[in-house]
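Colleague: I'd like to ask some things about the structure below.
The numbers here are math on the coordinates, done by the rules we state, and not lab data. From a predicted model like this one, the values you see are computed outputs, not experimental measurements. Don't worry about glycine lacking a Cβ; one is built from the backbone with ideal geometry, like all the others, and counts go over all protein chains shown.
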Amino acid sequence: MTSATYTGEFDPFSPEAMDDPYPAYAELLRHEEPLYLEQRDMWLVIRYDHVRAAAKDHPGLSSAEGIAYHRSALPVLFGIDQPDHTRLRGLIRHAFSPRGVQVWRTFIERACGELLDEALATGDVDIVQQTMIPLPVRVITTIVGVPGDDLTTLKLTAGVLESFIPNARVGPRAELEPDDPAESALRLKAAKQTLSAVAGLTGFLRGVLEQRRAQAPRGDLVSKLFAVEQDRVSEDEILWLCLTLLVGGQETMTHFLGSMVDALLHHPDQFRMVRERPELIPATIEETARFYPAVQNVFRTATTDVLVGNTRIPKDARVELSFAAANRDPRRFPDPNQYRIDRITDGHLGFGAGIHTCVGAHLARLQAATFLRLLIERTDDIELIGELVKVQSPAFRGLDHLPLRLTPRSGTGAPAGADSRTGTS
Ligand code: HEM
């Protein structure tokens, strides 16, 4: 048994780490055991085999205090332990299974096609703002069954996810005591932000559900959840499931699409390869999820003294499982820092592992594959024409801005559109 207090420089909440944590991970991965970061009073699990095992140890490592560094308890699916988790996830499992999401294929093609045509008509675009933000909003609101324009929902959901993860400590412990007034003020502000973002969205959803109760059923998730017997799910649980899906299915998707185009632009040989061999699109998505997981890490709380590797992590400790580091562990992936779309990516942790594995992973794959295929089909060239801006977050990897010049596919006349509406791939 060992215990390792980390004495190095790495701070997961520093601007450097948020900008690019990968050089630090390469160093940290030399450690054999999880590390205790005293200045943040948290444990860091980074080795692939440890992260995977820890993600599967849901009895020992609970999600009930939220999956961000800052402890918070909300009845979102990713913040609930068994047995409620199993019951609630069971209610949406089929809708998001590989077969379940196929129902939405034609719709997703149409949404992707329309948004890409708008971007192509613009020529020079910030594709994150113009295409990658609206696409998942349109998709998840339609699947869940939330009416209204994209913007209203976007405004309500934006900030909810981010507000879960405030880095409450303004400085490392060494510089700031936990009862420092500046930190207390920041914690209070963070808590208020979460409450107001969540209150806005729950208020909106309550109105939507009330209206839907009075209407005839449709093919969306709200109708499916209304059809479940009332002793298996309460009205509040339906509301929180809808909220979880609206929140979980948007920013993550935007971040993933941004990182995929970023990775391809910075690895032109790989971009050429997938252009020439579109059958590699699914592999490109898996390699992107390995290389740049949109959800870089999640937190858990130890419910008892738990063993990770040979290290005993004490009861009540906060534990970070770093999917980003684990996916670059050379013990598991040879030459892990190379982006290669033809590598074997089996078992990557880009969508998590264990009972909380992303329920939307198949929907995410379908959206990303459709987006990339249409982007390839409709352009001859894609060029970065300005500064790419990364999301500054300790939990997410993605882009806020990606200015591109899109050269439409030559010889096609008007932007292609008909094929995206046929439902074929
Ligand atoms: C590429 C985009 C996405 C990425 C990278 C991603 C990543 C993840 C990860 C890593 C988790 C595990 C969290 C944990 O272990 O605590 C997760 C959970 C979850 N994701 Fe995704 N996600 C994506 C897209 C989506 C979409 C489109 C939806 C909408 C259906 C969605 C809904 C959820 C939900 C509801 C959970 C909680 C599952 C549970 O606790 O059982 N995600 N996601």
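Colleague: S234 to D81: FRET efficiency via 1/(1 + (r/R0)^6), r the Cβ-Cβ distance, R0 25 Å, to the nearest 0.05?
Modeller: 0.90
Colleague: While we're looking at this one, here's another question. Starting from the Cα gyration tensor of segment 242-379, multiply each eigenvalue by 5, take the square root, and state the resulting semi-axes largest first in whole Å. Numbers along the way, then the final one.
Modeller: Numbers: eigenvalues 188, 69, 22 Å².
Working from the Cα gyration tensor, I get semi-axes of 31, 19, 10 Å.
Colleague: Quick one: work out Rg over Rh on the C-alpha atoms of the chain, Rh as Kirkwood radius.
Modeller: Values: Rg = 21.6 Å, Rh = 22.5 Å.
With Rg and the Kirkwood Rh in hand, the quotient comes to 0.96.
Colleague: Per DSSP H run of n ≥ 4, the term is -39500 (n - 2.57); total these for the chain, divide by its residue number, and report the mean residue ellipticity at 222 nm rounded to 500 deg cm²/dmol.
Modeller: So the calculated ellipticity at 222 nm is -13500 deg cm²/dmol.
Colleague: Same structure, new question: Give me, ordered by chain and number, the residues 5 or more places off H401 or on other chains with an amide H under 5 Å from its own placed amide H.
Modeller: Answer set, sorted by chain and number: V389.
Colleague: Run the reach check for K56 against aspartates and glutamates, Cα to Cα strictly under 15 Å, same-chain hits fewer than 8 apart removed. What comes back?
Modeller: D81, E320
Colleague: Which of the peptides 344-357, 288-301 is most tightly packed, and how do the rest follow, judged by the mean count of other Cβ atoms within 10 Å per residue?
Modeller: Order by mean packing, descending: 288-301, 344-357.
Colleague: Turning to a different aspect of this structure: Counting only C-alpha contacts under 8 Å and six or more residues apart, can you give the relative contact order of the chain as a whole percent?
Modeller: Relative contact order for the chain comes out at 28 percent.
Colleague: How would you order 243-253, 375-385, 313-323 from highest to lowest mean count of nearby Cβ atoms within 10 Å?
Modeller: Going from most to least packed, we get 243-253, 313-323, 375-385.
Colleague: At 0.36 nm per residue, and after removing the present C-alpha to C-alpha distance, how many nm does the segment from R99 to R30 gain when stretched out fully?
Modeller: Extra length from R99 to R30 when fully extended: 20.8 nm.
Colleague: List the aspartates and glutamates whose Cα sits under 20 Å from the Cα of K390, skipping any in the same chain fewer than 8 residues away.
Modeller: Partners found: D11, E16, D19, D20, D124, D126, E162, E251, D262, E287, D400.
Colleague: I'd like to compare 21-32, 74-85: which one has the highest average count of other Cβ atoms within 10 Å, and what's the full order after that?
Modeller: Working: 21-32: 15.7, 74-85: 17.3.
Highest-to-lowest ranking by the protection proxy: 74-85, 21-32.
Colleague: Okay, moving on. Spin-label point model (7 Å from Cα, Cβ direction): what's the T5 to D19 distance in nm?
Modeller: It works out to 3.1 nm between the two label points.
Colleague: Let me ask something else about it. Size of the dipole of the chain about the Cα centre, Lys and Arg at +1 and Asp and Glu at -1 on the beta carbon, nothing else charged, in debye to 20?
Modeller: It comes to approximately 1260 debye.
Colleague: Taking 45 Å as R0, compute the FRET efficiency from the Cβ-Cβ separation of D124 and N310 and round it to 0.05.
Modeller: Rounded to the nearest 0.05, the efficiency is 0.25.
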